[in-house]
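This report refers to the structure that appears directly beneath it.
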Amino acid sequence: MFEDIYPFSAIVGQDELKLALLLNAVNPNIGGVLIRGEKGTAKSTAVRALAALLPEIRVVAGCPYSCDPENGGWMCDWCRENASKGRTVLRRVRVVALPLNATEDRVVGGIDFTLAIKQGRRTVQPGLLAEVNRGILYIDEVNLLDDHIVDIILDSAASGENRIEREGISFRHPASFILVGTMNPEEGPLRPQLLDRFGLCVDIKAETDLGKRVELMERREAYDLDPQGFLKRFKNENARTAEGILSAMDHLNAVRLPKHMRTFISELCTENNVAGHRADLIMEQAARTYASLRHGQEVLTDDIAKVAHLVLAHRRRDAMPQPEPDQQEEKPHEGADQNGQKQPPDMEKPGKEQGDQANTGADEPSRRLEEQFRDGEESNSAEVPEKKDSVEQIFEIGATFAVKEIATPRDRIYRRGSGRRSRTRVSLKQGRYIKSIPGNRTGDIALDATLRAAAPYQTRRKRKNGLAVVLRKEDIREKVREKRIGNFLLFLVDASGSMGARGRMAASKGAIMSLLLDAYQKRDRVAMVSFRKNEAMTNLPPTASVELAGKLLAEMPVGGRTPLSAGLEATYKEAQNHLLRDPAARPIVIIITDGKTNVAMGDQNPVEEALGIAARMASDQRVMYIVVDTEEPGIVNFGLAARLAGALKARYSKIEELKAGQLVDIIKENR
Amino acid sequence: MKNNKPIYPFAAIVGQEKMKLGLILNTINPTLSGVLIRGEKGTAKSTAVRALADILPDITVFENDPFQLSPSDEFDVYRECMHTAYGKEIPARDQVKTVKRRVRVIELPVGATEDRVVGTMDMEHALKEGEKRVEPGLLAAAHRGILYVDEVNLLDDHVVDVLLDSAAMGVNTIEREGISFSHPARFTLVGTMNPEEGELRPQLLDRFGLCVTIEGIQSADERVAIMERRVAFDQDPEGFTRQWAVESQTMAERILQAKALLSRVEAEKALLYEIAQYCLDVGVDGHRGDIIMLKTAKTLAAYEGRSQVTSEDIQTAAELALPHRIRRQPMMEIADNVKAVRERCTEAGTQ
């Protein structure tokens, strides 16, 4: 590489991280490590430092895929043809970094352009997956990697080989590698399928010990001032670690795993409710490797204890969601809540049908869960004393939590924008170039693909104007780009007196805040409309500043009657305004209310009027509605919000249903 | 690039001492890894960054080297880069000409596409010669220089990802459009933003070594001075620049001296403890805060012509290095007074 690498043994603290990396260096079967942690905690430094300690492997000389000479049955097409020569060389295990800007053709490999033009031969130019065979694939900020590339990597990680079927080439070669990724959870979660691919997972934090922090500063300064001298200082220690890895590799096969230890492992996994058997297998490997590192003859309980949390960190789940202390008093209601959803009380007969509809709507999003969120932190849920409707109050923002994924369905409409919520094809020459297709409609020509397409014919085509390459119309390929764009989230908040009762506003504000936090992460535009007393008002015109929305939310007063229809109308106008400006947009309207409207705009019954407006609003397919019901579950449920959701054809959820599920449920659903 | 539009002299900027200090410290010590300037419209943010070019020191580069590599440290890299990117063989160091030139400020426009930022395949060469060749992007041009992003919070998300990637590694790796190539890309990241238009992603925020928040100047005298100087500059740019030449020269020399002194600046162990304690008190994510604070304090001492870091340096460094690193409640504003935060935190701790 270009720079002197900070020595592995000079990293202060972070023992878990170092252990996880060492285990992988000794035993590739462990299957990689995911490093999660806040910024500036030596994540990348440690991985790059590891490269200097890796052992050497024997490879077939000249093979671009680093085939293993001892494994004849598992060689690339090139080696099969040239195997007779049988020359081999030793080289260090490679760490190959996959940059975020990688395009498909470079990851998988494709036609060798220069050779094709000069000699008219179709030859494979190996991609990153070839280079990384029997090595370590390192992805910094792995949660930001393009989905399309993730799919390719998952595919070859699962099958251990890479098949190239493109540009007139058909080729396959082994591609087994250790995945090492780092991520900062603040930037969004990782796809569960990819998460499960990582054998181990380390959550790292900054040192809190003063002495260690000082030592860390000193070392970094020393390194920056004189890298060479610093490397020399740690040379011996680094060499010792490298030797340790080598001898542990030799010793690994000799380590026995007694039967009762195997039972212990499977018990441990069952106790932690991990999904599937990967955890058992990996823990076995990790424990044996740990034993091998300390030169033990067989695996002891202590070895398992040392590695267990590395294996379980990203797979563990709680069997039963543990009730938080302040939730316990709500517990009895939860049963009633579910009842209320499935069978609306008798007095709600007219709404029954809609209620059922809304119910299926509420189940739908849970099936769509795709991402893992950490469990919400229930910290405070302010107990607010009951007050009369007429009094204006300002409630604190209640506990926030991670919310389920909300995104508009992926479609083929091309649009522009920026953000991270919904994926879309983009029309401008922006966004990630992910692949190419024949044709030229957008003028966004994929030169590389076009040249590759034209290359094999060059020896036959006549050259003109001194150009080396003659392009024909049928060679032209254009780029397909994709990016995520932020949505427009419009919040309609019920700020009437009925919301003030029994701390419901605090909980609602908590829910809105959670949605806002989510919007912040995905860089949406937000707007907020509230209704109370006799009117609806736009508290916040559309803005990208989610901070401002948060501040406004904190200050929002509550009190007065409930003019739901006025609120709906104001929302509709905002959404339409937005659509006028940006016809390709797909706004998401989130309505937070208990639906107990009591002020009409005309002389109709307020409920009827609101439902009528809602039904008309639903006819615009471009807007997606979500109704968050804040009604406190009790003996008498009005279920009005559910009816509203039915009329709007909206997704309906209770506040608590907004919370994101855990990884395990997600994996189950994907199987 | 000699006959460019005249640049408003850095020394003639009125007020905004914190911002100027942040920029100067980064010029003295590029390992501070940049500064983020947050502030409302019309507070001389962009003017200051562009003016910086005026007082930047010289560096030595190979002649016509698109990667701005250092002849003293990076000759082998140069050789490799020229070979893989252009198929050029460089025989030996003394056969390549080197030149001295100013450190450059490379501007990254908000609408920049990813391929222009990281680099891509040279289309002309591919068509003419039938060979692949790398066309280096902005990251190559910014190596050993300053990468300036105006309105950094409006930058396209995937461009930010790419920036983060190479800012973290100090290397730009191109794996796209049939090209596989990497080159060093260590740059000082300078960004300006108006917080009203939305905040920055935390990960990118952390990549800026320092952060300053600036406000419009309230003093009437200074406001008048701003107007007068601006008018004078617009009427006669050359004359105005000449008028400030001495001051600019003094400033540039002071920076050079500080640069020379920097490696000899020392900090006592007790002061390191003070830094660590400070970071623990206010609650910062990770260790980058500590490291940057120490570097800032040392650079401050060098700028003042001292070879010993003092406790005051640390206080000043905290105000520059920590505001954007203090762990915030979701969506809380970035603190503009770190000392006050510390007092609040320690008070809460003792109660």
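The values are calculated or read from the model by the stated rules, or taken from the named source; none is laboratory data. This one's a predicted model, so the numbers in the text were calculated from it and none came from an experiment. With ideal geometry, Cβ positions are generated from the backbone for all residues, glycine too; neighbour counts draw on all protein chains shown.
Considering every residue within the range A:119-137, establish whether at least one is under 18 Å from A:V33 (Cα atoms), out of contact with any Asp or Glu (no Cβ under 8 Å at 6 or more places or on another chain) and polar (S, T, N, Q).
yes
Check B:Q249, B:Q218, B:Q203 and return the single one that is out of contact with any strand residue (DSSP E or B) (no Cβ under 8 Å at 6 or more places or on another chain) and within 20 Å of B:L52 (Cβ to Cβ).
On the way: B:Q218 fails: within 20 Å of B:L52 (Cβ to Cβ); B:Q203 fails: within 20 Å of B:L52 (Cβ to Cβ).
Residue meeting the stated conditions: B:Q249.
If we keep just the residues of the range B:44-60 that are surrounded by fewer than 21 Cβ atoms within 10 Å (Cβ to Cβ) and at pLDDT 80 or above, which is farthest from the chain's Cα centre (by Cα)?
B:T60
Looking for something assigned to a helix (DSSP H, G or I), touching a Ser or Thr at 6+ places or on another chain (Cβ under 9 Å), at pLDDT below 75 and more than 10 Å from chain B (Cβ to nearest Cβ) - is there at least one such residue anywhere in the range A:503-513?
yes
Of all residues in the range B:93-138 being within 30 Å of A:I476 (Cβ to Cβ) and among the hydroxyl-bearing types (S, T, Y), which is surrounded by the fewest Cβ atoms within 10 Å (Cβ to Cβ)?
B:T113
Need at least 1 residues that are of a type outside the set (D, E) and modelled with pLDDT under 80 per element, so show me which helices (runs of 4 or more DSSP H) inside the range A:181-238 make the cut, counting only ones lying wholly within it.
It comes to A:192-197.
Restricting to the range B:271-297, what's the tally of residues that are over 30 Å from A:P185 (Cβ atoms) and in contact with a Ser or Thr (Cβ under 9 Å, 6 or more places away or on another chain)?
3
Please find, within the range A:560-594, the residue that is farthest from A:G646 (Cα to Cα) out of those that are assigned to a loop (DSSP other than H, G, I, E, B) and modelled with pLDDT of 80 or more.
A:G560
Looking only at the range B:256-272, filter to residues that are in a helix (DSSP H, G or I) and within 11 Å of chain A (Cβ to nearest Cβ); which one of those is nearest to B:K298 (Cα to Cα)?
Here is the first cut: in the range B:256-272, the ones in a helix (DSSP H, G or I) are B:256-262, B:269-272.
This time we only want the ones that are within 11 Å of chain A (Cβ to nearest Cβ), so: B:262, B:269-272.
Values: B:L262: 7, B:K269: 13, B:A270: 14, B:L271: 11, B:L272: 11 Å.
Within the range B:256-272, the match that is nearest to B:K298 (Cα to Cα) is B:L262.
Filter the range B:157-188 down to the residues that are among the hydrophobic types (A, V, I, L, M, F, W, C) and either facing chain A (nearest Cβ under 8 Å) or in contact with a Lys or Arg (Cβ under 6 Å, 6 or more places away or on another chain) (or both), then identify the one that is farthest from B:G34 (Cα to Cα). Can you show your working first?
Kept after step one, since they are among the hydrophobic types (A, V, I, L, M, F, W, C), are these residues of the range B:157-188: B:159-160, B:162-164, B:167-169, B:171, B:174, B:179, B:181, B:185, B:187.
Now narrow it down to the ones that are either facing chain A (nearest Cβ under 8 Å) or in contact with a Lys or Arg (Cβ under 6 Å, 6 or more places away or on another chain) (or both): B:162, B:164, B:167-169, B:171, B:174, B:179.
Values: B:V162: 17, B:L164: 13, B:A167: 11, B:A168: 13, B:M169: 15, B:V171: 16, B:I174: 23, B:I179: 30 Å.
Once the filter is applied, the top-ranked residue is B:I179.
Looking at A:I204, is it touching a residue at least 24 places away in the same chain (Cβ under 8 Å), within 31 Å of the chain's Cα centre (by Cα), surrounded by fewer than 23 Cβ atoms within 10 Å (Cβ to Cβ) and within 24 Å of A:K435 (Cα to Cα)?
no
Could you grab me the full set of residues in the range B:199-238 that are assigned to a loop (DSSP other than H, G, I, E, B) and either outside the structural domain of B:A44 (by TED's automatic domain parsing) or farther than 16 Å from A:K39 by Cα (or both)?
Passing the criteria: B:E199, B:E215, B:G216, B:I217, B:Q218, B:S219, B:D236.
Looking at the range B:82-138, which of its residues are facing chain A (nearest Cβ under 9 Å), more than 24 Å from the chain's Cα centre (by Cα) and among the hydrophobic types (A, V, I, L, M, F, W, C)?
Hits for the range B:82-138 are B:M121, B:M123, B:A126, B:L127.
This table checks each residue for (1) surrounded by 24 or more Cβ atoms within 10 Å (Cβ to Cβ); (2) at pLDDT 70 or above; (3) more than 23 Å from the chain's Cα centre (by Cα); (4) in the same structural domain as A:H277 (by TED's automatic domain parsing).
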{"site": "A:A618", "(1), (2), (3), (4)": "no, yes, yes, no"}
{"site": "A:D629", "(1), (2), (3), (4)": "yes, yes, yes, no"}
{"site": "A:E632", "(1), (2), (3), (4)": "no, yes, yes, no"}
{"site": "A:A641", "(1), (2), (3), (4)": "yes, yes, yes, no"}
{"site": "A:G646", "(1), (2), (3), (4)": "yes, yes, yes, no"}
{"site": "A:K649", "(1), (2), (3), (4)": "no, yes, yes, no"}
{"site": "A:K654", "(1), (2), (3), (4)": "no, yes, yes, no"}
{"site": "A:K659", "(1), (2), (3), (4)": "no, no, no, no"}
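Identify, please: which residue in the range B:139-156 is buried (at least 21 other Cβ atoms within 10 Å of the Cβ) and part of a helix (DSSP H, G or I) and is, among those, farthest from the other protein chains (Cβ to nearest Cβ)?
Filtering the range B:139-156 for residues that are buried (at least 21 other Cβ atoms within 10 Å of the Cβ) and part of a helix (DSSP H, G or I), the one farthest from the other protein chains (Cβ to nearest Cβ) comes out as B:A142.
Tell me, please, whether a residue that is hydrophobic (A, V, I, L, M, F, W, C), touching a Phe, Trp or Tyr at 6+ places or on another chain (Cβ under 9 Å) and free of Cβ contacts under 8 Å to residues at least 24 places away in the same chain can be found in the range A:224-238.
The answer is no; no qualifying residue exists.
Just checking, does the range B:229-241 include any residue being of a type in the set (G, A, S) and either within 14 Å of another protein chain (Cβ to nearest Cβ) or in contact (Cβ under 8 Å) with a residue 60 or more places away in the chain (or both)? Walk me through how you get there before you give the answer.
Of the range B:229-241, the ones of a type in the set (G, A, S) are B:232, B:239.
Of the ones still in play, those that are also either within 14 Å of another protein chain (Cβ to nearest Cβ) or in contact (Cβ under 8 Å) with a residue 60 or more places away in the chain (or both) are none.
Scanning the range B:229-241, I find no residue that is of a type in the set (G, A, S) and either within 14 Å of another protein chain (Cβ to nearest Cβ) or in contact (Cβ under 8 Å) with a residue 60 or more places away in the chain (or both), so the answer is no.
Being touching a Phe, Trp or Tyr at 6+ places or on another chain (Cβ under 7 Å) and either under 30 Å from A:I111 (Cβ atoms) or outside the structural domain of B:D285 (by TED's automatic domain parsing) (or both), is that true of even one residue in the range B:153-172?
Among the residues of the range B:153-172, at least one is touching a Phe, Trp or Tyr at 6+ places or on another chain (Cβ under 7 Å) and either under 30 Å from A:I111 (Cβ atoms) or outside the structural domain of B:D285 (by TED's automatic domain parsing) (or both), which makes the answer yes.
Would you say B:E215 is in contact (Cβ under 8 Å) with a residue 12 or more places away in the chain, within 14 Å of chain A (Cβ to nearest Cβ) and surrounded by fewer than 18 Cβ atoms within 10 Å (Cβ to Cβ)?
Numbers: in contact (Cβ under 8 Å) with a residue 12 or more places away in the chain: yes; within 14 Å of chain A (Cβ to nearest Cβ): no; surrounded by fewer than 18 Cβ atoms within 10 Å (Cβ to Cβ): yes.
Answer is no for this residue.
Could we say that A:L154 is under 27 Å from the mean Cα position of the chain (by Cα) and in a helix (DSSP H, G or I) here?
yes
State which residue pairs qualify: first residue without any contact (Cβ under 8 Å) to a residue 60 or more places away in the chain and inside the range B:248-263, second residue aliphatic (A, V, I, L, M) and buried (at least 17 other Cβ atoms within 10 Å of the Cβ) in any location, beta carbons under 7 Å apart, and separation of 6 or more residues or different chains.
What qualifies is B:L261/B:A302.
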